Structures are given as C-alpha cells and as structure tokens.
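First up is the structure itself, then whatever we jot down about it.
The numbers here are math on the coordinates, done by the rules we state, and not lab data. As the structure is a prediction and not an experimental result, all values here were calculated from the model. Cβ coordinates were reconstructed from backbone atoms using ideal geometry, including for glycine residues, and neighbour counts include every protein chain displayed.
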Amino acid sequence: MNRMVYPVIGCLLIWSFLTAGCVGAGHRKAPDTAYYTLEYESPALPVQPLLDRILKIEAFQCAPEYDSTQIIYREGSFQRSGYYYHRWRARPGDLIPYFLARDFTQAEAFRAVYAGTGNQAATHRIEGRIEEFYEKDAPDGWSAVVSVAVALLAEHEPDVSKRVLFQKIYRVSAPCAEKSPEAVVQAVSQAVSGLSAAVFKDVYSALADSADTVPGK
C-alpha cells in the first residue's frame, strides 16, 4: 500500500471520532431546573385587640447581589455565587412581602393588610430593603441568612419628620439540616418565619398606643 494512504486513513478516523463525540454531546440532556418558594406555617402570634388600621406592604428593594431568582451562596469572604439549576420561583423582594402580608392577615390584628403595588387605600405603609438573602457555607455546616431593613410609615401624616414611625434592621439565621439546596430552602423558610414574627411584634407595638381598637375583638 502506498505510504501516502496511511496519513489519509488516520485523518479520516480522527475526524470520525471527533464528529461522533460532537453529535453525542449535542444530544446530551441538560439537568432540569428546580424552582422553590418559601413554605412555613404562619407564626403563632399572641392574640391582640384588633387595631383599626389598614396596612400596605410594598415590594421590597434588594441588594444587587441577591436581586435574582438564583439561590445565592457564600463560600468565603467577598464571594457570592449562584446555583444555575436551583432557583426561587420569584425574586426575594416579592417573596418576603407576600409572606409578611399573609402572616399579618392570619393574625387578625389589623382591619386589613395588603401586599403589592396596587392602589389600595391604607393608613400605614411598610417598606423594606433586603440586605442579605443567602446560603452561608462553613466547614461545620451550612446556614441560611436573611437580613431586612424595615420601615413603618404613616400614609397621611403631613409632617414629614413624623411620617416614619420606626426603622429597624432584622437579621435572622437558621441552620441547614444537610448540605443541599433543598435544605437551604427549608432553612430560609424558617428564618423568614422568625423575621415575620419579629416585624409583626414591632409594627403592632408602634401602632397600638395611638390606634383605636375595634369593639368585640
């Protein structure tokens, strides 16, 4: 056989392997994306006299590094990364206000509670800013960290200096049962439950002195 034939055959074989590999890779199925939301029972809050107040909880602002549907994790100082195939169903700035409104409504302590950016009439408004919302990785285990700055404002107060009734930063952490995204979601849910109870207590206390209670409650 002519010596020139061998290199040609070798090139053809290599080309066949390469093209077969590319075709196989092109048909490889990408992992399914899992979507999560918070899930917890509304905190068992103390029975309180019903206040004749209507609250509106607006969508929260969010620190840029957490303003994403990705579940964000921290492996070290200055580092933030996100799971590509494990995501929140909605952004944290929408999730937390929704669950606060749900819990406040469940407590039956105010005339009405609304969430969102609609045009509902309200006597007071709750604004928030999410400072932290992430999975913290450490050698001894993972934990969920949630930190939110909350402000309570009077809607119809003409004096700007008196419009803000209080502003406070709440920071809650909860351990993960194991090192997995599912365990992180459970821990975040636990942290938000604790956050909700703490915010409710302060909001109710701030409004109780000046508000009229509703007879029969």
Pairwise FRET efficiency - ARG102 versus LYS179, Cβ, R0 = 41 Å, nearest 0.05:
0.90
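How would you rank 179-187, 118-126, highest first, on the average number of other Cβ atoms within 10 Å across their residues?
On the way: 179-187: 17.9, 118-126: 15.4.
Most protected by this proxy first, the peptides run 179-187, 118-126.
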Let me test this: with uniform point scatterers at the alpha carbons of region 34-208, what is the Debye-based log₁₀ I(q)/I(0) at q = 0.10, 0.13, 0.15, 0.17 1/Å?
-0.39, -0.64, -0.83, -1.02
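Pulled fully out, how much extra length does the chain show between ALA149 and GLN70, if you take 0.36 nm times their separation in residues and subtract their Cα-Cα distance?
Working: separation 79, 0.36 × 79 = 28.44 nm, distance 2.14 nm.
Once the chain is fully extended between ALA149 and GLN70, it gains 26.3 nm.
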Radius of gyration and Dmax over the Cα atoms of region 42-94, both given in Å:
17.0, 47
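Contact order normalised by length for region 133-209, with contacts defined as Cα pairs under 8 Å and 6 or more residues apart; what percent is it? Display every interim value, and only then the final one.
Values: 110 pairs, mean separation 22.8, N = 77.
Relative contact order, region 133-209: 30 percent.
Could you give the length gained by full extension between ALA206 and SER42, i.e. 0.36 nm per residue of separation minus their alpha carbon distance, to one decimal place?
Extra length available between ALA206 and SER42 comes to 56.9 nm.
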Which stretch or stretches of region 54-72 have amide N atoms under 20 Å from the point lying 7 Å from ALA30's Cα along the Cα→Cβ direction?
68-72
Within straight cross-link reach of LYS56, meaning Cα distance under 23 Å, which lysines are found once same-chain residues fewer than 8 apart are removed?
LYS162, LYS168, LYS201, LYS217
Proxy reagent accessibility, fewest Cβ within 10 Å first, across LYS136, LYS29, LYS56
LYS29, LYS136, LYS56
